[in-house]
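Worksheet: the structure to be examined is printed underneath.
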Amino acid sequence: MLQLDTPRSRRIGIGLVTLATLCFATLDACAKWLVQSLPVFEVVWLRFLTHSLLMSVLLAPVYGRELVRVHNPQLQLLRALMLGAMTALNFWALQYLQLAETGAIQFSVPLLIAVISAGWLRERLDAHRWCAIVVGFAGVLLVIRPGSHAFHPAILLSVLNAVLYALFNLLTRRMASTESPASMQLMSAIGATIVIAPFALLHWQPPADLTTWLLIAACGLCGGLGHYCVAKAHRYASAAMLGPFLYQQIIYMALWGWLVFAQVPDAFVVAGSLVVVSSGLYLLWLEMRRH
């Protein structure tokens with residue numbers, strides 16, 4: 001439930017979202033480093049295993065039994081399967097792509113949600129929204145550049161991840177009325193850990209050194225803390241207020257790519273990112289004006 005709408009509560013919500021976007025960008029940077037030397041499924045499994053362990057220790061004293069209370073096990077299982085698949089696709093793509101490229105495609109999710117809502121949920125979209133969606137997907141094409149020498153097949157993994165992420169968001173909205181945010185993030189992580197374990201253990205490769213283990217721990221902590229902060233932020237500020245601040249994640253991803261991997265996005269990726277973000281913000285503005 002939303003707290004009293006005051007300037008202080010809005011600042012808390014914005015602060016939590018800012019921390020979440022930094023956590024998610026750091027998670028992707030750590031994962032990109034790890035998948036260069038470890039199998040993708042192993043990194044995904046260790047990410048969810050450490051997420052489950054760390055969040056259980058940190059949140060159990062606060063939430064108690066509420067942390068593991070499940071009202072709809074079927075939807076919880078579906079959410080866990082989707083989260084595991086999305087993470088595997090993202091980490092697989094990060095083996096070959098820049099952080100800024102995967103980030104730009106990820107921010108097409110609001111556009112995909114609008115399209116899915118129109119086609120599946122029968123929500124009506126006016127001409128302004130369709131225009132924003134078309135322009136946004138043009139920005140995605142600037143990043144992808146199919147048919148050019150810059151195109152890498154791994155970018156299709158990011159596109160599929162974005163589609164799953166849009167469906168994942170719609171599912172999370174539906175579950176929010178019956179499931180607590182703490183329970184959803186922990187149960188999804190535990191479910192993904194169990195499902196991915198056979199694939200990870202089949203090709204197990206021991207992490208080489210302490211640095212690798214620290215990066216694995218950082219993945220779990222950043223993933224769990226990021227999801228928790230997003231859920232908590234919506235108790236202090238509305239989605240319309242928080243939406244624009246989610247887009248700062250692409251800045252952190254580009255920064256990590258430059259600092260850690262010496263990768264600077266080219267003009268097409270920068271231009272495409274600006275188009276995608278602008279289209280998403282315009283959709284958000286239209287939604288705010290409607291309400």
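The values are calculated or read from the model by the stated rules, or taken from the named source; none is laboratory data. Just so you know, these numbers come straight off a predicted model, no measurement behind them. Here Cβ is always computed from backbone atoms with ideal geometry, including for glycine, and neighbour counts include all displayed protein chains.
Mind checking which residues of the stretch 220-240 are closer than 17 Å to M187 by Cα, touching a residue at least 60 places away in the same chain (Cβ under 8 Å) and not aromatic (F, W, Y)? Steps first, answer last, please.
If we filter the stretch 220-240 for residues that are closer than 17 Å to M187 by Cα, which is where we start, we get 220-232.
Now drop any that are not touching a residue at least 60 places away in the same chain (Cβ under 8 Å), which leaves 220-230, 232.
Passing the criteria: G220, L221, C222, G223, G224, L225, G226, H227, C229, V230, K232.
If you scan the stretch 164-193, which residues turn out to be farther than 12 Å from L83 by Cα, touching a residue at least 24 places away in the same chain (Cβ under 8 Å) and assigned to a helix (DSSP H, G or I)? Lay out the reasoning, then the answer.
Narrowing the stretch 164-193 to residues farther than 12 Å from L83 by Cα: 170, 173-183.
Narrowing the set further to residues that are touching a residue at least 24 places away in the same chain (Cβ under 8 Å) leaves 170, 174-175, 178-183.
Scanning the stretch 164-193 gives L170, R174, M175, P181, A182, S183.
If you go through the stretch 154-163 one residue at a time, how many are over 15 Å from T87 (Cβ atoms) and within 10 Å of the chain's Cα centre (by Cα)?
Qualifying residue count for the region: 0.
Provide a single number: the residues in the stretch 220-245 that are in contact with a Gly (Cβ under 9 Å, 6 or more places away or on another chain) and aliphatic (A, V, I, L, M).
4
Which of the following residues is at pLDDT 85 or above and loosely packed, with under 15 Cβ neighbours inside 10 Å: V163, V134? If you could, list the steps in order and put the result at the bottom.
Values: V163 fails: loosely packed, with under 15 Cβ neighbours inside 10 Å.
Answer to the selection: V134.
Among the residues in the stretch 74-86, are any among the hydrophobic types (A, V, I, L, M, F, W, C), under 15 Å from L221 (Cα atoms), surrounded by fewer than 23 Cβ atoms within 10 Å (Cβ to Cβ) and in contact with a Ser or Thr (Cβ under 8 Å, 6 or more places away or on another chain)? Lay out the reasoning, then the answer.
Filtering the stretch 74-86 for residues among the hydrophobic types (A, V, I, L, M, F, W, C) gives 75, 77-78, 80-83, 85-86.
Those still in the list that are under 15 Å from L221 (Cα atoms) too: none.
No.
Out of all the residues in the stretch 42-49, is one or more surrounded by fewer than 22 Cβ atoms within 10 Å (Cβ to Cβ), at pLDDT 90 or above and either under 15 Å from T193 (Cβ atoms) or acidic (D, E) (or both)? Step through it out loud before you land on a result.
Filtering the stretch 42-49 down to residues surrounded by fewer than 22 Cβ atoms within 10 Å (Cβ to Cβ) leaves 49.
Now narrow it down to the ones that are at pLDDT 90 or above: 49.
Keeping just the survivors that are either under 15 Å from T193 (Cβ atoms) or acidic (D, E) (or both) gives 49.
Taking every residue of the stretch 42-49 in turn, at least one turns out to be surrounded by fewer than 22 Cβ atoms within 10 Å (Cβ to Cβ), at pLDDT 90 or above and either under 15 Å from T193 (Cβ atoms) or acidic (D, E) (or both).
Just a yes or no: is a residue in the stretch 171-179 closer than 16 Å to S52 by Cβ and among the polar types (S, T, N, Q)?
First, the residues of the stretch 171-179 that are closer than 16 Å to S52 by Cβ: none.
For the stretch 171-179, residues closer than 16 Å to S52 by Cβ and among the polar types (S, T, N, Q): absent.
Any residue at all in the stretch 117-135 that's polar (S, T, N, Q) and without any contact (Cβ under 8 Å) to a residue 12 or more places away in the chain? Write out each step before concluding.
Taking the stretch 117-135 and keeping what is polar (S, T, N, Q), we get 117.
Those left that are additionally without any contact (Cβ under 8 Å) to a residue 12 or more places away in the chain: none.
Among the residues of the stretch 117-135, not one is polar (S, T, N, Q) and without any contact (Cβ under 8 Å) to a residue 12 or more places away in the chain, which makes the answer no.
Output the residues belonging to the stretch 194-219 that are touching a residue at least 40 places away in the same chain (Cβ under 8 Å) and not in a helix (DSSP H, G or I).
H203, W204, Q205, P207, A208
Check the stretch 141-154 and report whether any residue there is crowded, with 20+ Cβ neighbours inside 10 Å, farther than 26 Å from E66 by Cα and of a type in the set (A, V, I, L, M, F, W, C).
yes
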